[in-house]
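Nothing in this text is a laboratory measurement; each read-out follows from the coordinates by a stated rule. Given the structure is predicted, the values throughout are model-derived calculations rather than measurements. Cβ sites come from the backbone with ideal geometry, for glycine too, and all protein chains shown count toward neighbours.
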Amino acid sequence: MLKKLNHIAIVVPDIYKAKKIYETKFNANVSELKNFKEHGVTVVFVELKNTKIELMQPYGKNSPIQKFLDKNPDGGMHHICIEVEDIKKIHKSLKEKNVRILGSDKPSIGSHNKPILFLHPKDFCGTLIELEEE
Ligand code: CO
């Protein structure tokens with residue numbers, strides 16, 4: 001059911017600072033800043049050989065990650081994203097297994113323009129899991 005790790009997302013209080021830390025301390029390749037108004041986040045991607053780290057900072061007043069930052073003012077790991085083949089099929093199967101889906105309870109289009117689902121952390125050992133169609 002689960003395929004590749006797509007990304008690990010880390011919430012940061014200052015995206016410019018975070019970008020610089022990865023660039024200077026690790027000499028990492030970090031993408032340019034991107035604002036996703038509709039998702040309420042500003043992100044950069046740290047390129048790794050087998051996956052990427054998504055650094056995210058709240059964008060706008062109603063950012064869905066603001067609460068997380070209020071609780072974790074230094075930032076911290078927010079979610080992991082795993083690729084799946086057929087999100088509708090998996091959605092159905094998870095519903096049958098009583099897994100709680102966050103948000104609208106249906107697959108939505110994520111910031112990578114692909115169908116995604118966020119699964120309740122209480123159903124997965126305290127980790128927020130994003131599933132993204134390959
Ligand atoms: Co994500």
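Quick rundown of the values:
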{"read-out": "Of every Cα-Cα pair in the stretch 2-133, the percent that sits beyond 27 Å", "value": "19 percent"}
{"read-out": "Packing-based exposure ordering (other Cβ within 10 Å, fewest first) of M77, M1, M56", "value": "M1, M77, M56"}
{"read-out": "Links that overshoot a 32 Å alpha carbon limit, given the list K25/K95; K3/K122; K49/K95; K52/K106", "value": "K25/K95; K49/K95"}
{"read-out": "Degrees, to the nearest 10: 15-26 long Cα axis against longest axis of the chain", "value": "80 degrees"}
{"read-out": "Under the Karplus curve 6.51 cos²θ - 1.76 cosθ + 1.60, θ = phi - 60°, whole-Hz ³J(HN,Hα) for the stretch 41-56, x wherever Gly or Pro sits", "value": "9, 10, 10, 10, 10, 8, 7, 10, 5, 10, 6, 9, 9, 9, 8, 10"}
{"read-out": "Distant-in-sequence amide H partners of M56 (H built 1.01 Å from N, under 5 Å)", "value": "I10, V11, V12"}
{"read-out": "Helical contribution to [θ] at 222 nm, DSSP H n ≥ 4, -39,500 (n - 2.57), averaged over the chain, rounded to 500", "value": "-6000 deg cm²/dmol"}
{"read-out": "With Cα atoms, 0 to 90° folded angle of helix 87-96 axis to the chain main axis", "value": "60 degrees"}
